[in-house]
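Okay, so here's the structure we're looking at.
Bear in mind these aren't lab numbers, they're just calculated from the coordinates by the rules spelled out. The shown structure was predicted, so the numbers you read here are calculated from the model rather than taken from an experiment. Every residue, glycine among them, receives a Cβ derived from its backbone with ideal geometry; neighbour counts consider all protein chains shown.
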Amino acid sequence: MANTKKRLQRAWKIIKNPYIATLIIFFILLCFGENNIFVTLRLRQELSELKKEEKTLRDEMRHDSANIEVLQGDLSAIERYGREVYYLRRSNEEVYVFEK
C-alpha cells in the first residue's frame, strides 16, 4: 500500500512538470482532438484515391473524345466501330467472336 502511494506521488511529481504536462496535453489533442491525426491520415488516403480516379476518368474522356472525332464524319468508321464493339452484322453475314 505504501509502495503504491509512493509511485503515485512520484508520477504526480513528474506530471506537474510544465514541460511534461504540455507534452501530455499536446499528445491528447493530437490523438483525440477535433482534427486528430487519424482523421487526417484517412482523408489524405481518400484524397489520393480520388486523384487516381480523376486521372483515370480524364484518360477515358480523352480516349472517348478521340473516338467521337473519328466517328463524326466517316461512315466506314461508324460501321467498323459497330462491328467491333457491338458485334453488328449485315443480314447475309455471320459473326464469329474470338476472345483472348
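The reciprocal of the average 1/r between distinct C-alpha atoms defines the Kirkwood hydrodynamic radius, which for the chain equals 20.9 Å. Along the Cα-to-Cβ line of residue 58, 7 Å from the Cα, sits a label point; which residues in region 33-48 have backbone N less than 16 Å from it? Output list for this probe position: 47-48. Loop exposure criterion: chymotrypsin sites (Phe, Trp or Tyr not before Pro), DSSP state outside H, G, I, E and B, at most 15 other Cβ atoms within 10 Å. Applied to the chain, the longest stretch between such sites is 1-86. Taking the longest Cα principal axis of the chain as reference, the axis of helix 18-32 is set at about 30 degrees. Lysine pair count for the chain with Cα-Cα distance under 30 Å and sequence separation of 8 or more or different chains is 5.
Taking 0.36 nm per residue of separation and subtracting the Cα-Cα distance, full extension of the segment from residue 42 to residue 21 would add 4.7 nm. Free of any GluC sites (Glu not before Pro) that DSSP assigns to a loop and that have at most 13 other C-beta atoms within 10 Å, the longest stretch within the chain is 35-92. What's the angle, to the nearest 10 degrees (0 to 90), between helix 37-73's Cα axis and the longest principal axis of the chain? Tilt relative to the chain: about 10 degrees. By how many degrees, between 0 and 90 and to the nearest 10, does the Cα long axis of helix 2-15 differ from the longest principal axis of the chain? The two axes meet at around 60 degrees.
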